[in-house]
Each structure stands twice: as C-alpha cells, then as structure tokens.
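Have a look at the structure below, then the notes.
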Amino acid sequence: MPYSRFSGSLTSPKVDVVIDMGNPFLNLTVDGFLKIGAVAATRAAAEDTYHILQKGKGNISSRDFEKMLKKMCKEGAYWGTVAGLYVGTEYGVERIRGKRDWKNAMIGGAVTGAIVSAANNNKKDRIAMDAITGAAVATAAEFINYLT
C-alpha cells in the first residue's frame, strides 16, 4: 500500500541582538530586559489596537495613540525589569553554586517573585506566595525547556 510522509522542520526566524556590557552578568540582564520588554510592549500595542478596532472607529486618534504608547512603555519597562531581575539572579546563583541545573531557576524565580511582590507593597504572606509561585513557574519552564 503506497503512503506518503512529510519530513522537515518548522522554525521561526531568530533575531538576536548582542550588546556587550563587558560583563556576562550585565550582558544577560540587559538581554533579558530588552527581549521580554519588547515582547511586552508588542503585546500592549496589539491589545490596544484590537480594542480600538473593536470600537469600530477604523482610525486612531492622537489621544488613543498617546495612551497606547504610554502603555507600551509601562508594560515593556515592567516586564523587562522582571525578566532582567530573574535572568541576573539565576546567573548569580549559578556562579555562586558552580552548577547549572534546575535549582538555579527555582531560586531565581523565588527571589524574583519575592522582590517584585515586596516592591508592590504586598504583605509578607503575599510575598511568600509570590516567591513560591515564581519558583514554581521558573522551575516548570526549566523542565519544559529541558524536554524540548
């Protein structure tokens, strides 16, 4: 019986920007900030564009554009900072421990979750829950990354 088979791979284009700050810690932190910050800003722009189109206006006013730009900057800076903090913390833990494993991601996620929560003036119970959540998400992401 004849059969056919599809073989190949589907990959997305990879764009990588390298900024050399002269220190691996700073390089990774800035890289994380820029990459995740750009993703967050793009998400904010897409979300606001959708809402503008959903209103049925068809065109964008200068007020809408200014609001969108402010949201893009705010979201990009916030999520870029969180990503930079996480990447820097994970790298620092790796250097201190002298090992590269999932525990670095767990510790980096916990520290990042706690710092971000404390910066938002949360109570200590909420800070502990956010640290646990950060550790769980970072560890799960590390395991998923290992599987692929």
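The values are calculated or read from the model by the stated rules, or taken from the named source; none is laboratory data. Computed from a predicted structure; not experimentally measured. All Cβ positions, glycine included, derive from the backbone under ideal geometry; neighbour counts span all protein chains shown.
I'd like the full set of residues that are more than 16 Å from the chain's Cα centre (by Cα), without any contact (Cβ under 8 Å) to a residue 24 or more places away in the chain and part of a helix (DSSP H, G or I), limited to the stretch 131-148. Those that are more than 16 Å from the chain's Cα centre (by Cα), without any contact (Cβ under 8 Å) to a residue 24 or more places away in the chain and part of a helix (DSSP H, G or I): A131, I132, L147. The single condition among (1) outside the structural domain of I144 (by TED's automatic domain parsing); (2) part of a helix (DSSP H, G or I) that N59 does not meet is (2). Can you find even one residue in the stretch 52-67 that is basic (K, R), surrounded by 12 or more Cβ atoms within 10 Å (Cβ to Cβ) and over 11 Å from the mean Cα position of the chain (by Cα)? Yes, some residue in the stretch 52-67 is basic (K, R), surrounded by 12 or more Cβ atoms within 10 Å (Cβ to Cβ) and over 11 Å from the mean Cα position of the chain (by Cα). Do we have N104 as modelled with pLDDT under 95 and either not basic (K, R) or not in a helix (DSSP H, G or I) (or both) here? For N104, the condition - modelled with pLDDT under 95 and either not basic (K, R) or not in a helix (DSSP H, G or I) (or both) - is not met. Of everything in the stretch 84-101, what is charged (D, E, K, R) and outside any helix (DSSP H, G or I)? Give them in sequence order. Within the stretch 84-101, K99, R100, D101 meet the criteria. Considering only residues that are small (G, A, S) and farther than 22 Å from L26 by Cβ, look in the stretch 86-121 and name the one that is surrounded by the most Cβ atoms within 10 Å (Cβ to Cβ). It comes out as G113. All of T29, T49, T42 fail the test of being within 15 Å of the chain's Cα centre (by Cα), of a type in the set (S, T, Y) and either buried (at least 17 other Cβ atoms within 10 Å of the Cβ) or over 27 Å from A135 (Cα atoms) (or both), apart from T29. Inside the stretch 22-59, can you point out the residues that are in contact with a helix residue (DSSP H, G or I) (Cβ under 6 Å, 6 or more places away or on another chain) and at pLDDT 85 or above? Correct list: F25, L28, T29, G32, F33, I36, G37, A40, A41, A44, A45, D48.
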